[in-house]
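Colleague: Let me give you the structure first, and then I'll get to my questions.
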Amino acid sequence: MSEKQFLVSVADALIIDPDTKSLLVKGKALLNSSIEQTMQSQEIFAGRGSTLQMEFNYQKMLNISIESADFSPAYLAMQTGSVIKNELSKYYTEEDVAFDASGNGTLDKTPIGDVYVEMLNGGNLTVAATGTTVNVPSLSDKVAKVVYQYNTTVDVINIPANSFPKAYELVLSSDIYGSGGNKTHEMQIQVPRYKLDGALTLGLTHDASSTFTLNGKTLADRDNNYAYVKFLPLAQTQVDYIGISTTTADVQLNTGESEQLTVVGIRGGNYANVLNPAGTTFTSDKPAVATVSNTGLISFVGIGNAVVTVENGLHEDKVLVTCV
């Protein structure tokens, strides 16, 4: 019996721009991430007693919600359908300014426009600066807070009124552990087209870090799939087969002929079979009659009968080879 396994729900995420193939976000610890599949159904009742004859499904959707523990300007840009521009812009700053005996104070930056000085009585005084100097005689030999704008190069995200999020490639990675506490697999969910809903809520809180939520739906790709869930077994974890089988039990070869065997690893349950599973070996009991390569290619050598044994782990199958 296989070991019980447990999925650790906290995941890492990658968000990739499908147009530029650039990695936009690499989230290290995403909290409260969830994937929800919904669909509509229609029931058909007919006959005596109006019994249920059929139910068909439609409008299948896959919704993904990601609450991020960290913050990135890329989250804002994606949800607002914009890009992050680096440009010269006006920027507000607040600083403590010491005024001398004449009431002159020196600012760290050259202000643009008015300077707002916080007076000791709680009011604000608007003054004009000369270069980096402001003069407030009533604040001589005192320190006050000053707010003003200055020009500097910053990253800017515009929130336009007529631009909307596009679809991105989303990759979610998580870990699967066995009941003994050992990591057995990595699970990766790949979404080729993740369309954000554009909802934007950025909480500003004093007692915890702000989280950022990305909600969206998956759009069908060119193969009409929403997502791909992949399981990567670790080195010590092997795929368990309940048996193996070759596509033919008898092979007949004439002089100079060859035939390629195809092996099927049978996993059972809801697991699809595996074609030509790794670790399969092939041996011929009579190489003078027929040889077999390590890839399963049987070749005529001489007239007679031979048996090719196909093995994978504890499972084996046999193929009768007749050379005429």
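The values are calculated or read from the model by the stated rules, or taken from the named source; none is laboratory data. Here the structure is a predicted model, which means the values were calculated and not measured. Counting neighbours? That spans all protein chains shown, and the Cβs are built from the backbone with ideal geometry, glycine included. Surface areas here come from the heavy atoms of the whole protein model, side chains and all, with no ligands, DNA or RNA. Shrake-Rupley method; radii C 1.70, N 1.55, O 1.52, S 1.80 Å.
Colleague: Considering each of Q79, Q53, Q59 in turn, give the residue that is closer than 30 Å to D17 by Cα and either open to solvent by 40 Å² or more (accessible area, probe 1.4 Å) or touching a Ser or Thr at 6+ places or on another chain (Cβ under 6 Å) (or both).
Modeller: Working: Q79 fails: either open to solvent by 40 Å² or more (accessible area, probe 1.4 Å) or touching a Ser or Thr at 6+ places or on another chain (Cβ under 6 Å) (or both); Q53 fails: closer than 30 Å to D17 by Cα.
Exactly one of Q79, Q53, Q59 is closer than 30 Å to D17 by Cα and either open to solvent by 40 Å² or more (accessible area, probe 1.4 Å) or touching a Ser or Thr at 6+ places or on another chain (Cβ under 6 Å) (or both), namely Q59.
Colleague: In segment 92-119, how many are surrounded by fewer than 11 Cβ atoms within 10 Å (Cβ to Cβ) and hydrophobic (A, V, I, L, M, F, W, C)?
Modeller: Total meeting the criteria: 1.
Colleague: State which residue pairs qualify: first residue within 19 Å of S22 (Cα to Cα) and open to solvent by 30 Å² or more (accessible area, probe 1.4 Å) and inside segment 177-199, second residue aliphatic (A, V, I, L, M) and part of a strand (DSSP E or B) in any location, beta carbons under 6 Å apart, and separation of 6 or more residues or different chains.
Modeller: Q190/V171; R193/A167; K195/A167
Colleague: Suppose we keep only residues that are without any contact (Cβ under 8 Å) to a residue 24 or more places away in the chain and among the hydrophobic types (A, V, I, L, M, F, W, C) within segment 200-235. Which one would you say is surrounded by the most Cβ atoms within 10 Å (Cβ to Cβ)?
Modeller: If we filter segment 200-235 for residues that are without any contact (Cβ under 8 Å) to a residue 24 or more places away in the chain, which is where we start, we get 201, 203-208, 222-224, 235.
Then keep just the ones that are among the hydrophobic types (A, V, I, L, M, F, W, C); that gives 204, 208, 235.
Details: L204: 5, A208: 7, A235: 5.
Only one residue fits best here, namely A208.
Colleague: Hey, can you tell me all the residues within segment 203-224 that are modelled with pLDDT of 85 or more, in a strand (DSSP E or B) and of a type in the set (S, T, N, Q)?
Modeller: N215, T218
Colleague: Within segment 134-142, is there a residue that is more than 30 Å from V229 (Cβ to Cβ), within 27 Å of the chain's Cα centre (by Cα), modelled with pLDDT of 90 or more and in a loop (DSSP other than H, G, I, E, B)?
Modeller: Of all residues in segment 134-142, those more than 30 Å from V229 (Cβ to Cβ) come to 134-142.
Now narrow it down to the ones that are within 27 Å of the chain's Cα centre (by Cα): none.
No.
Colleague: Moving on. Which one of the conditions (1) under 21 Å from the mean Cα position of the chain (by Cα); (2) open to solvent by less than 60 Å² (accessible area, probe 1.4 Å) does S89 fail to meet, given that it meets all the rest?
Modeller: It fails just one condition, (1).
Colleague: Mind listing whichever residues of segment 269-314 are open to solvent by 20 Å² or more (accessible area, probe 1.4 Å), in contact (Cβ under 8 Å) with a residue 24 or more places away in the chain and not β-branched (V, I, T)?
Modeller: G279, F282, S284, D285, L297, S299, F300, E311, G313
Colleague: Just name the residue that is modelled with the lowest pLDDT out of those in segment 236-268 that are open to solvent by 70 Å² or more (accessible area, probe 1.4 Å) and of a type in the set (S, T, Y).
Modeller: It comes out as T247.
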